[in-house]
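Trainee: Here it is, the structure in full.
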Amino acid sequence: MLLNHSAAFTSFEPVTEGAAAPRNHIAAPAMTAGTMVETQEGWMPVERLALGDAVYTFDGGLAPIANLRQTRLNAGTQLWHVPGGALNNCSDLYLTQDQHVMIFDDNAEDLYDTPYVLVPATALQGFRGTRQMDCLPGTIAVEMTFDADEVVFANTGTLIRCAAQSGKGDGFFRILTNAEARILLALLDTDETERLHALAA
């Protein structure tokens, strides 16, 4: 399965569905500076991309960037730190509150009739060591949009949603609620634990 990893992972931390939003957050599906994105010219930091650059997408095609916006985050803005290996990422990732990652897994198909689902960053709290944190002062977030909703590769293996320039999704991928996502993520953790036990036997 796409998300299996041999690293050691922490257990879930409970969250409350519908909890109040953090005091500071960027209301956009952005990536922080330093996140590597796969382009036609190879892997590049997201902050070095330019309009029109072609980025590899999940469906295998190249899509030109329609718009880029950089935002300097205030101290205390909430990010979700995803440790290297948690989502097939080769190194740590920092996601904004309104970001979604794609999970491609048989469990998703069993639960939601599609193997491809989008999970909100907020639902990742506690998943394989993912935790909410305050960003450092001066952190740059980069919002990248395309002509249509796209899913791109970040830090080698994590699949991250980038919104359509119009702001309207095409509905091709199902977006899970926090509650739905937590059910799926719990199954992924269970599968990974069983796999590691089998390898150790």
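The values are calculated or read from the model by the stated rules, or taken from the named source; none is laboratory data. This is a predicted model, so every value here is computed, not measured. All Cβ positions, glycine included, derive from the backbone under ideal geometry; neighbour counts span all protein chains shown. Ligands, DNA and RNA are stripped out before the accessible areas are found, and what is left, the full protein with its side chains, is counted by its heavy atoms. Shrake-Rupley method; radii C 1.70, N 1.55, O 1.52, S 1.80 Å.
Trainee: From (1) within 15 Å of the chain's Cα centre (by Cα); (2) farther than 22 Å from ALA164 by Cα; (3) of a type outside the set (A, V, I, L, M, F, W, C); (4) at pLDDT below 95, pick out the condition that doesn't hold for ASN107.
Mentor: (1)
Trainee: Just the residues that are open to solvent by 10 Å² or more (accessible area, probe 1.4 Å) and among the polar types (S, T, N, Q), please, taken from region 150-176.
Mentor: THR156, GLN165, SER166
Trainee: For region 121-149, which positions are open to solvent by less than 10 Å² (accessible area, probe 1.4 Å) and within 12 Å of the chain's Cα centre (by Cα)?
Mentor: Passing the criteria: ALA121, ALA123, LEU124, THR130.
Trainee: While we're here: For region 134-144, state whether one or more residues are without any contact (Cβ under 8 Å) to a residue 60 or more places away in the chain and part of a loop (DSSP other than H, G, I, E, B).
Mentor: There is no residue in region 134-144 that is without any contact (Cβ under 8 Å) to a residue 60 or more places away in the chain and part of a loop (DSSP other than H, G, I, E, B).
Trainee: Moving on to the next point. Taking the residues in region 177-201 that are modelled with pLDDT of 70 or more and among the acidic types (Asp, Glu) as candidates, determine which candidate is least open to solvent (accessible area, probe 1.4 Å).
Mentor: This residue is ASP189.
Trainee: Given the criteria more than 30 Å from THR190 (Cα to Cα) and modelled with pLDDT of 95 or more, does VAL101 qualify?
Mentor: The answer is no for VAL101.
Trainee: So the check is Cβ under 6 Å with 6+ separation or different chains; which pairs have a first residue in region 44-61 that's in contact (Cβ under 8 Å) with a residue 24 or more places away in the chain and a second one that's assigned to a loop (DSSP other than H, G, I, E, B)?
Mentor: Close Cβ pairs (under 6 Å, with a partner that is assigned to a loop (DSSP other than H, G, I, E, B)) amount to VAL46/THR35; GLU47/ALA33.
Trainee: Residues in region 145-191 that are of a type in the set (Asp, Glu), under 18 Å from GLY61 (Cα atoms) and either out of contact with any strand residue (DSSP E or B) (no Cβ under 6 Å at 6 or more places or on another chain) or not in a loop (DSSP other than H, G, I, E, B) (or both): how many?
Mentor: 3
Trainee: If you scan region 108-133, which residues turn out to be touching a residue at least 60 places away in the same chain (Cβ under 8 Å) and among the β-branched types (Val, Ile, Thr)?
Mentor: Passing the criteria: THR114, VAL117, VAL119, THR122.
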